[in-house]
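Here the structure comes first, spelled out in structure tokens, and everything after it is commentary.
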Amino acid sequence: MKVKKISLWLICFTLLFTFSINALATDEAGAFTHPEVGEFMTIHVDNHLADFEIYGFTYYRLIPYEEPYRGLNVNAPELINEKNASFEVAMEKLLDCVDGKMEGYPPIVSFNYTGYALQFEKQLKALDRADQIKALRILSGMDGAQGFQDLKNLPGFENTDVSNMVESHQDYFVRINGVQYPYRIMMFFFEEEDWYEYYNERFHFIQVEGEWKLIRIAKEYSDEYSQRSKYIHGFEGTDPALVADTNFEALRGTAWGMSSQQASTLLKAQANEDEIVLEKDQLYRVPAKSSYQFGESGLESITYTFDGLQRYYSIFVSLYIRYFDPIGIDENRTITWCQNDMNITLSYDEATPTLTFSPAK
């Protein structure tokens, strides 16, 4: 594993000068040296999908929806549709690929669980397929806090101490087309025979009318940025305190419902009627104008306005580093992320893209 990563980065740096020259010659707003990552990136956001490359090597992509992937339809423009697979079907297809039973996919050299499932890998592999899927459902938190008790009914888990899992369990929610849904993420690591093909895949599930449905698969070929958040919304076992640290950078210590006077004191800026504007601000090392909007209930949104299309692509990667996969990308290339109590919206505009943080409603 380490040898592969070192080889990949040696090639990357060998090509660095070539790509740097190309970067100077190109007018493409989605190809530049990222201000935080410090590496040459090519970024695409279009047609409800997104991906980016580093020095010409794919780092991240949302799986295209035109054809089934691992026998599953995901990432459709309408995320919720009749082709959404149930949790059980999604896991059957995944494990068929791992076991080499699905045609058209290369052999898997290594496959690993993540999250709670990682510590029970030996027990999981000893289970029959039905019990293995049931255990994965429990470990991902889909059956709630009390569901962890059912783990003890499975072979090999009889003496498992689930108290920590029960105590640290949290419910996750996202909003799609204005409707709130329970939400879960499962992540798996794959290594194929091809030396370049090692990656994480994140499977996104929402609960629709009581049944967990797969809506999205994202593929990430590495995980090496020191800047990135350790909190993954929807991923069981993540410390919720970490998300507050991540949010602090953009919210500047403010809180939804805070009065304009409180915010003015905190930001050391003058409030003008229902707004505080910082003309010369920056976020994620990108210059911006920030606007704090207040209503009857206090602070109701924070918007950063940037100059030029390249900033849109830069902010997308910066948000990915902190919040991982977006929940939605619409036909206008507006990208959204959700937390339980907050929406994050990056809006496409060639001249003045904007990023808005607002409380969930």
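Quick notes on this one:
- When semi-axes √(5λ) of the Cα gyration tensor in Å is calculated for this entry, the matching label among (1) 36, 28, 18; (2) 32, 25, 19; (3) 29, 27, 19 is (1).
- Entries of Lys125/Lys152; Lys83/Lys125; Lys268/Lys289; Lys230/Lys289; Lys268/Lys361; Lys219/Lys361 with Cα pairs more than 25 Å apart: Lys83/Lys125; Lys230/Lys289; Lys268/Lys361; Lys219/Lys361
- Between segment 143-194 and segment 92-137, the C-alpha centres lie 15 angstrom from each other.
- In a reduced charge model with +1 at each Lys and Arg Cβ and -1 at each Asp and Glu Cβ, segment 205-361 shows a dipole moment near 400 debye about its Cα centre.
- Kirkwood radius, segment 189-271, all distinct C-alpha pairs, inverse of mean reciprocal distance: 16.7 Å.
- Charge dipole (Cα centre; +1 on Lys/Arg Cβ, -1 on Asp/Glu Cβ; no other charges) of the chain amounts to roughly 620 debye.
- With the Kirkwood sum run over all distinct C-alpha pairs, segment 238-361 has a hydrodynamic radius of 14.9 Å.
- Net charge dipole size for segment 110-217 [Lys, Arg +1 and Asp, Glu -1 on Cβ; Debye, nearest 20]: 360 debye
- 0 to 90° range, to nearest 10: angle between helix 2-25 axis and the chain longest Cα axis: 30 degrees
- Note on the chain: helix-only mean residue ellipticity at 222 nm, from DSSP H runs of 4+ residues weighted -39500 (n - 2.57) and normalised by residue number, equals -8000 deg cm²/dmol.
- Rg over Rh [alpha-carbon atoms, Kirkwood Rh] for segment 25-123: 1.06
All of the numbers you see were taken from the coordinates with simple rules; none came from a lab. Here the structure is a predicted model, which is why all the values come from computation and not from measurement. Cβ coordinates were reconstructed from backbone atoms using ideal geometry, including for glycine residues, and neighbour counts include every protein chain displayed.
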